[in-house]
Amino acid sequence: AGDAAGAAGAADADAAPKPDGAEDAPPEADAEPEVTPEPAPPPKPVPPTVNIVCNGLAGVFNVKGVDVTIEDGTTISATEFERLAGKGAAKKWKTSLRVAEPDGSPGESIQEWLIDHALEGPKTRPATADAAWALDGAPRKSREAAAR
(Lines give C-alpha, C1' and ligand atoms only; values in the text may rest on other atoms or scores of the structure.)
Protein backbone atom coordinates (compact mmCIF):
# COMPACT_ATOMS: atom_id res chain seq x y z
CA ALA A 1 0.00 0.00 0.00
CA GLY A 2 2.94 2.30 0.74
CA ASP A 3 4.26 1.73 -2.75
CA ALA A 4 0.95 2.81 -4.30
CA ALA A 5 0.93 6.06 -2.31
CA GLY A 6 4.57 6.70 -3.27
CA ALA A 7 3.80 6.05 -6.95
CA ALA A 8 0.86 8.48 -6.83
CA GLY A 9 3.07 11.15 -5.25
CA ALA A 10 5.74 10.59 -7.92
CA ALA A 11 3.10 10.94 -10.64
CA ASP A 12 2.04 14.29 -9.15
CA ALA A 13 5.64 15.45 -9.08
CA ASP A 14 6.11 14.53 -12.75
CA ALA A 15 3.02 16.49 -13.82
CA ALA A 16 3.70 19.82 -15.50
CA PRO A 17 3.09 22.85 -13.29
CA LYS A 18 -0.23 24.58 -13.86
CA PRO A 19 -0.32 28.24 -14.86
CA ASP A 20 -1.35 30.80 -12.25
CA GLY A 21 -5.03 30.70 -11.48
CA ALA A 22 -5.48 27.22 -13.02
CA GLU A 23 -6.38 25.36 -9.86
CA ASP A 24 -8.29 22.10 -9.77
CA ALA A 25 -11.50 23.89 -8.84
CA PRO A 26 -14.75 22.10 -9.62
CA PRO A 27 -16.81 23.69 -12.42
CA GLU A 28 -19.40 26.12 -11.17
CA ALA A 29 -22.90 24.68 -11.20
CA ASP A 30 -24.51 27.90 -12.45
CA ALA A 31 -22.02 28.55 -15.26
CA GLU A 32 -23.71 28.70 -18.65
CA PRO A 33 -22.68 26.08 -21.17
CA GLU A 34 -20.56 27.26 -24.06
CA VAL A 35 -22.73 27.97 -27.10
CA THR A 36 -21.34 27.41 -30.56
CA PRO A 37 -22.97 29.42 -33.33
CA GLU A 38 -24.92 27.49 -35.91
CA PRO A 39 -23.34 27.45 -39.36
CA ALA A 40 -24.95 29.79 -41.88
CA PRO A 41 -27.37 28.07 -44.25
CA PRO A 42 -26.02 27.54 -47.74
CA PRO A 43 -26.95 30.30 -50.20
CA LYS A 44 -29.99 29.76 -52.39
CA PRO A 45 -29.31 28.65 -55.95
CA VAL A 46 -28.97 31.61 -58.29
CA PRO A 47 -30.90 31.53 -61.57
CA PRO A 48 -29.33 33.40 -64.52
CA THR A 49 -32.37 35.68 -64.87
CA VAL A 50 -35.18 36.98 -62.68
CA ASN A 51 -38.51 38.43 -63.83
CA ILE A 52 -38.89 41.93 -62.42
CA VAL A 53 -41.38 44.77 -62.42
CA CYS A 54 -41.00 48.47 -61.68
CA ASN A 55 -44.01 50.77 -61.59
CA GLY A 56 -45.93 48.41 -63.88
CA LEU A 57 -43.10 47.97 -66.42
CA ALA A 58 -41.98 44.35 -66.76
CA GLY A 59 -38.48 43.17 -67.60
CA VAL A 60 -35.96 40.39 -67.05
CA PHE A 61 -33.05 41.09 -64.71
CA ASN A 62 -29.84 39.45 -65.94
CA VAL A 63 -28.04 38.47 -62.75
CA LYS A 64 -24.54 38.07 -64.18
CA GLY A 65 -24.59 41.25 -66.28
CA VAL A 66 -26.59 43.29 -63.74
CA ASP A 67 -28.74 44.65 -66.56
CA VAL A 68 -32.35 44.34 -67.72
CA THR A 69 -33.87 42.99 -70.92
CA ILE A 70 -37.16 44.68 -71.80
CA GLU A 71 -40.09 43.36 -73.91
CA ASP A 72 -38.58 44.31 -77.30
CA GLY A 73 -35.38 42.38 -76.49
CA THR A 74 -33.25 45.46 -75.80
CA THR A 75 -30.83 45.16 -72.92
CA ILE A 76 -30.45 48.29 -70.79
CA SER A 77 -28.90 49.18 -67.46
CA ALA A 78 -30.95 48.76 -64.31
CA THR A 79 -30.77 52.54 -63.83
CA GLU A 80 -32.22 53.13 -67.32
CA PHE A 81 -34.99 50.59 -66.65
CA GLU A 82 -35.85 52.45 -63.44
CA ARG A 83 -35.99 55.72 -65.41
CA LEU A 84 -38.19 54.19 -68.18
CA ALA A 85 -40.58 52.97 -65.48
CA GLY A 86 -40.96 56.54 -64.20
CA LYS A 87 -38.97 56.01 -61.01
CA GLY A 88 -35.74 57.68 -62.14
CA ALA A 89 -35.94 60.36 -59.46
CA ALA A 90 -35.52 57.67 -56.80
CA LYS A 91 -32.01 56.82 -58.06
CA LYS A 92 -32.13 53.58 -56.06
CA TRP A 93 -32.75 50.87 -58.63
CA LYS A 94 -32.08 48.09 -56.13
CA THR A 95 -35.12 49.15 -54.13
CA SER A 96 -37.27 50.33 -57.07
CA LEU A 97 -36.94 47.10 -59.07
CA ARG A 98 -39.11 44.35 -57.62
CA VAL A 99 -39.04 40.62 -58.24
CA ALA A 100 -42.25 39.76 -60.09
CA GLU A 101 -44.56 37.35 -58.31
CA PRO A 102 -46.06 34.51 -60.40
CA ASP A 103 -49.17 36.66 -60.98
CA GLY A 104 -46.98 39.59 -62.17
CA SER A 105 -47.43 41.70 -59.05
CA PRO A 106 -44.36 43.26 -57.41
CA GLY A 107 -42.70 41.21 -54.68
CA GLU A 108 -39.48 41.77 -52.74
CA SER A 109 -36.95 44.34 -53.95
CA ILE A 110 -34.10 43.13 -56.12
CA GLN A 111 -31.80 44.24 -53.30
CA GLU A 112 -33.53 41.87 -50.85
CA TRP A 113 -33.37 39.13 -53.48
CA LEU A 114 -29.62 39.68 -54.00
CA ILE A 115 -29.05 39.52 -50.22
CA ASP A 116 -31.17 36.33 -49.93
CA HIS A 117 -29.04 34.72 -52.63
CA ALA A 118 -25.75 35.82 -51.02
CA LEU A 119 -24.85 38.05 -53.97
CA GLU A 120 -24.77 41.15 -51.79
CA GLY A 121 -24.32 41.81 -48.09
CA PRO A 122 -27.09 43.32 -45.98
CA LYS A 123 -27.15 47.09 -45.95
CA THR A 124 -26.37 48.79 -42.68
CA ARG A 125 -26.58 52.44 -41.83
CA PRO A 126 -23.28 54.09 -40.91
CA ALA A 127 -23.31 54.93 -37.23
CA THR A 128 -20.80 57.77 -37.38
CA ALA A 129 -23.33 60.63 -37.65
CA ASP A 130 -25.60 59.22 -34.95
CA ALA A 131 -22.65 58.42 -32.71
CA ALA A 132 -21.30 61.97 -32.94
CA TRP A 133 -24.41 63.64 -31.57
CA ALA A 134 -25.01 60.87 -29.07
CA LEU A 135 -21.70 61.70 -27.42
CA ASP A 136 -22.84 65.13 -26.33
CA GLY A 137 -26.54 64.20 -26.12
CA ALA A 138 -27.76 67.06 -28.29
CA PRO A 139 -29.68 66.40 -31.50
CA ARG A 140 -27.94 67.62 -34.66
CA LYS A 141 -30.44 70.43 -35.39
CA SER A 142 -30.04 71.85 -31.89
CA ARG A 143 -26.24 71.90 -32.24
CA GLU A 144 -26.44 73.61 -35.64
CA ALA A 145 -28.83 76.27 -34.30
CA ALA A 146 -26.56 76.89 -31.30
CA ALA A 147 -23.55 77.33 -33.56
CA ARG A 148 -25.18 80.22 -35.47
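The values are calculated or read from the model by the stated rules, or taken from the named source; none is laboratory data. From a predicted model like this one, the values you see are computed outputs, not experimental measurements. Cβ sites come from the backbone with ideal geometry, for glycine too, and all protein chains shown count toward neighbours. Note: areas computed on protein heavy atoms with side chains; ligands, DNA, RNA excluded. Shrake-Rupley method; radii C 1.70, N 1.55, O 1.52, S 1.80 Å.
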Shape of segment 49-117 from its Cα gyration tensor (a ≥ b ≥ c, root eigenvalues): rounded if a/c is under 1.5, otherwise prolate when a/b > b/c, or oblate?
rounded
Can you give me the accessible area per residue for segment 49-117, using a 1.4 Å probe, in Å²?
55 Å²
Using 0.36 nm per residue, how much length does the chain from THR75 to HIS117 gain when fully extended, once their Cα-Cα distance is taken away?
12.8 nm
Anything over 22 Å Cα to Cα? Flag those among LYS44/LYS123; LYS44/LYS94; LYS44/LYS87, in the order listed.
LYS44/LYS87
Just add up the charged neighbours of VAL50: K/R +1, D/E -1, any other residue whose Cβ is under 14 Å from the Cβ of VAL50.
-2
